[in-house]
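Just passing along the structure, written as structure tokens.
The values are calculated or read from the model by the stated rules, or taken from the named source; none is laboratory data. In this text the structure is predicted, and so the values were computed from the model without any measurement. Methodologically, a virtual Cβ is constructed for each residue, glycine included, from the backbone with ideal geometry; neighbour enumeration extends over all protein chains shown. Only protein heavy atoms, including side chains, enter the accessible area calculation; ligands, DNA and RNA are left aside. Shrake-Rupley method; radii C 1.70, N 1.55, O 1.52, S 1.80 Å.
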Amino acid sequence: MPSPSGTQPLAQEYLIALHCHFLTVFCFTARRLIMAAISNSFSLKHGFYLARPQNPFRTPVLPSSTSIKFRRCYAAFANENREYVIVGGGNSAGYAARTFVEHGMADGRLCIVTKEPYAPYERPALTKAYLFPPDKKPARLPGFHTCVGSGGERQPPEWYKENGIEMLYEDPVKDIDIEKQTLTTNSGKLLKYGSLIIATGCTASRFPEKIGGNLPGVHYIRNVTDADALILSLERAKKVVVVGGGYIGLEVAAAAVGWNLDTTIIFPEDQLLQRLFTPSLSRRYEELYQKNGVKILKGASIKKLDAGSNGHVASVKLGDGSIVEADTVIIGIGAKPAVSPFERVGLNTDVGGIQVDGLFRTSIPGIFAVGDVAAFPLKIYNRISRVEHVDHARRSAQHCVKALLTAQTHTYDYLPYFYSRVFEYEGSPRKVWWQFFGDNVGETVQIGNFDPKIATFWIESDKLKGVLLESGNPEEFQLLPKLARSQPLIDKAKLENATSVEEALEIARASLQGQVAA
């Protein structure tokens, strides 16, 4: 008997979809067997085991409508099952998602769980251009969604939809069952994962509530919501105090100058950015900030943040009893890896974070950790490290996903890299951008007078271990990672006699070329 009108084409499309589904399952099964063999062989050598648990597929259900559109030849996940889950919505998640897409393994397979209402974005913008006043062209979403920070494609929320990536916004993971391979979110949603990538980043270190850490007008910056709240305060502020002399403190203070506000930086150390800058370089930056009207109180401890009659923060009381008036306070005293609820996966008690190997595998089969939260082998210096920087967040995510999806077995070989950009808004008398590559160990040689540029070289056992350059040109900046990775032997006395930054970099370049020739 002839089929009713429209039924035969529908059945044919269904059979095609069913055929594609079983073909895909067959291909995935074969691929996993191959990957398992490679992974098991690798694990015997390196002491880690990598398992990629099977993901159950559901047989397609015959649609009731004749207007069927099949974007890919595989079925949707059944109920709570996801083949790949990324927990975290920061830089690492965005770059990991792009790598999944590049390998054709995102559509219908990947789920990202984030506590934020936004798709992954480039977080460095939050303490830089995002804080500029309205007349100085501040950055705003969607302008800095990943992966524009590295010159890649912008990935707004539509990008994730178009690539079939499931986004669970404002629903952080609160629990994990390692044995059952399930995650539970705050809303009670249950997710069964095949492979899990932990990319939860860090949380801001906070002042205790008992000393005023939660008063209205006291701010911490880790996300867009934090930055928006700070902007509202800056619009009404007259006197701003920035607590902390590190990256966040310097960048936020520079932005506050753009608002023409009375700004003070307070920190307990003897110098700005003590973890990296030499004392002489710190003095140069102190002078720069002071020329821009910023007051600097170093070696100072804070006893309490006091509120005014309206309950809003009004002053900062220092350890010596002195008072600094403030109607807006920004705390930038560091961050802590966001390991909850993943403590059972395995933590590193020395550097913090979740312990991983050179492919970002934890000791639990099928679970990985990347970005700020990962304690990984820093191959070039033969030590375990945890790096809180956007460059590592991007690169670790890409390396992890490539290792997960392919037969790649070479370990992560990261070269430490840090940078900052301040006073970049319109009307600034001097825009500042510095880059550092390598390790800040050994003796230092500083060349240049800071205006227009300055360079610092770290030398240990006659080898160039690290280099920082302020206000260099693109060609000079491109030389830095080559020097830091190669660690050439260098004549310290010759370097000290250089009369300019350009001459010093040429001496370093010649040392590098001499190493290659040898």
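Excluding I364 itself, calculate the net charge of residues whose Cβ lies under 11 Å from the Cβ of I364, where each Lys or Arg counts +1 and each Asp or Glu counts -1.
+1
If R₀ is 22 angstrom, what is the calculated FRET efficiency for the pair R283 and K431, using the beta carbon separation as r and rounding to 0.05? It would help to have the intermediate numbers written out before the result.
Details: r = 20 Å, r/R0 = 0.92.
With a Förster radius of 22 Å, E is 0.60.
Taking R0 as 45 Å, what FRET efficiency do you get between T406 and D226 from their Cβ-Cβ distance, rounded to the nearest 0.05?
0.75
I'd like the FRET efficiency for A307 and A510, computed as 1/(1 + (r/R0)^6) with the beta carbon distance as r and R0 of 56 Å, rounded to 0.05.
Here the calculated transfer efficiency is 0.40.
Determine the sum of side-chain charges near R206: Lys and Arg each +1, Asp and Glu each -1, restricted to other residues whose C-beta is under 13 angstrom from that of R206.
Net charge in that neighbourhood comes out at +1.
Ignoring ligands, DNA and RNA, how do E269, E475 rank by accessible area with a 1.4 Å probe, largest first?
Heavy-atom accessible area, descending, gives E475, E269.
Heavy atoms only, probe 1.4 Å: what % of the accessible area of the range 381-518 goes to carbon and sulfur, would you let me know?
46
For the pair T203 and I323, how long in nm is the line joining their label points, each one 7 Å along Cα→Cβ?
Result for the modelled spin labels: 3.3 nm.
Could I ask something else about it? Provide the gained length on full extension for the span N186 to S500, in nm with one decimal, where the gain is 0.36 nm per separating residue minus the Cα-Cα distance.
Details: separation 314, 0.36 × 314 = 113.04 nm, distance 5.76 nm.
Contour length minus the Cα-Cα distance gives 107.3 nm.
Considering only the other residues whose Cβ falls under 12 Å of the Cβ of T99, what net charge follows from Lys and Arg at +1 and Asp and Glu at -1?
With Lys, Arg at +1 and Asp, Glu at -1, the net is +3.
If one computes the Cα centroid of the range 79-126 and of the range 453-482, what distance in Å separates the two points?
Result: 35 Å between the Cα centres.
Also, I was wondering about something else. Charges only on Cβ, +1 for Lys and Arg, -1 for Asp and Glu: so what's the dipole of the range 263-410 about the Cα centre, in debye to the nearest 20?
400
Would you give the gap between the C-alpha center of the range 222-262 and the C-alpha center of the range 407-434, rounded to a whole Å?
Going from one Cα centre to the other spans 21 Å.
Below 8 Å between Cα atoms, with a sequence gap of 6+, how large is the relative contact order for the range 200-265 in percent?
Relative contact order, the range 200-265: 24 percent.
Take the Cα atoms of the range 342-453, find their three principal axes, and give me the spread along each one in whole Å, biggest first.
The Cα atoms of the range 342-453 stretch 54, 36, 29 Å along their principal axes.
Report the gain in length on full extension from Y381 to R485: 0.36 nm times residue separation, minus Cα-Cα distance, nm rounded to one decimal.
Once the chain is fully extended between Y381 and R485, it gains 36.4 nm.
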